[in-house]
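Structure record follows, encoded as structure tokens.
The values are calculated or read from the model by the stated rules, or taken from the named source; none is laboratory data. These numbers were taken from a predicted model, which means no experiment stands behind them. Neighbour counts run over all protein chains shown; Cβ positions are idealised from the backbone, glycine included. For the accessible areas, the whole protein counts, side chains as well, though only heavy atoms, and no ligand, DNA or RNA atoms are used. Shrake-Rupley method; radii C 1.70, N 1.55, O 1.52, S 1.80 Å.
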Amino acid sequence: MLRAVLYASIGLIAYAQAGYGALLALLRRVLPARPVRRAPIEPRVTLVIAAHDEEVVIERKVRNALALDWPREKLQVVVASDGSTDRTVELARAAGADLVLDLPRGGKIRAQDAAVRRATGEIVAFSDANAMWEPDALRELVSAFADPEVGYACGQVTFVNEAGTNQEGVYWRYEMWLREMESDLASVTGGNGAIYATRREAYVEVDPIMGHDLSFPFRMVKNGWRAVYVPQARATEKMVPSIEGEFARKRRMMSHGWPIVVRGGLLDPRGYDARYALFVASHRALRYATPFLHLVALAATIARWRRHRLLLAAQLGLLAAAAAGGRLRRRPLLLARYYVLTTASLAAGLYDWLRHGTPAGWDAPEGTR
């Protein structure tokens, strides 16, 4: 029994981290794909920028939005200030935003909800205040909505500061590849806050502690829409410079993510087809269980260490490399540290939510502005 637990836990970790990608590549070859029927369309669009104390970047962001390749008379730029205590509201208005909402502090989701209620566009796009879109990004993103099945589309964000220790860029490129495969086969299981859009009629108001990145794709699927990835719609965003900062960012994100997993409906398969149910189980549920599988594997290996000395050495070696990565800036050590800390952040986010709850408010991660 102990051996079975050991092999099962290691096998599930390997599948979650690498096997799922291999399976998607195989499915992409043997199953009929469902490519998005993109076409050039020009509906009226509302671009929502939720902001809390973003005076450093808000002027640049509004100017970036107004410079998009889109008819000005068909673009409404809305800045939803979530209880900002600095000059965010003043600077957003001076930069030319069509509507600036000076809201009391209620969290990013409630600020976005308020903006959508004032939206005039058929399509509502969303962006972070520090995410800069390429000129054709909106046009590429909106082209997905020419397909009547599409209710949600997210674009590709690239991290631009590679000077620190954070190795998120390596992981993110793999994540984008998985997202592209999921989109071609059915629908994506996650998005990103830098660049995404929904049909106005498809927008749903969710619990303020549950972010759009994880809650919107599966809710769209349950409501009869497709949630797709449009890699041609590109944005750039400044990355957290350190691995320790990335741990803190992912820990905060997962304190918002676990409520979606546990009670938000993500794991309820009703409304999913077989493909999408597999994607959610593999890419979300199993990925989030990884820190606990590692603990099970380590405990089982220690219990049988005489038979599994090499396996125990490998696990302890990973932890030692992660610890050394805090002092030595060598790429293999930094990758080990990134993996260990970001995996631990999943469990830390669960601890935070269960112990303290999750506040609706948010602050920008250090070093990203």
Read through the list (1) out of contact with any helix residue (DSSP H, G or I) (no Cβ under 6 Å at 6 or more places or on another chain); (2) at pLDDT below 95, then give the number of the only condition that Leu295 fails. (2)
Residue within region 328-343 that is over 25 Å from the mean Cα position of the chain (by Cα) and either at positive phi or in contact (Cβ under 8 Å) with a residue 24 or more places away in the chain (or both) present: yes
Residues that are free of Cβ contacts under 8 Å to residues at least 24 places away in the same chain, surrounded by fewer than 24 Cβ atoms within 10 Å (Cβ to Cβ) and assigned to a loop (DSSP other than H, G, I, E, B): does region 226-244 have at least one? no
Among Ile260, Ile209, which is the only one that is in a helix (DSSP H, G or I), touching a residue at least 40 places away in the same chain (Cβ under 8 Å) and either open to solvent by less than 40 Å² (accessible area, probe 1.4 Å) or among the hydrophobic types (A, V, I, L, M, F, W, C) (or both)? Ile260
If you check Ala299 against the conditions, is it crowded, with 16+ Cβ neighbours inside 10 Å and either within 19 Å of the chain's Cα centre (by Cα) or in a helix (DSSP H, G or I) (or both)? no
Does region 205-223 include one or more residues that are farther than 25 Å from Thr358 by Cβ, at pLDDT 95 or above and among the hydrophobic types (A, V, I, L, M, F, W, C)? no
Members of region 160-183 that are in a helix (DSSP H, G or I), touching a residue at least 40 places away in the same chain (Cβ under 8 Å), surrounded by fewer than 19 Cβ atoms within 10 Å (Cβ to Cβ) and not hydrophobic (A, V, I, L, M, F, W, C): Gly169, Tyr171, Tyr174, Glu180
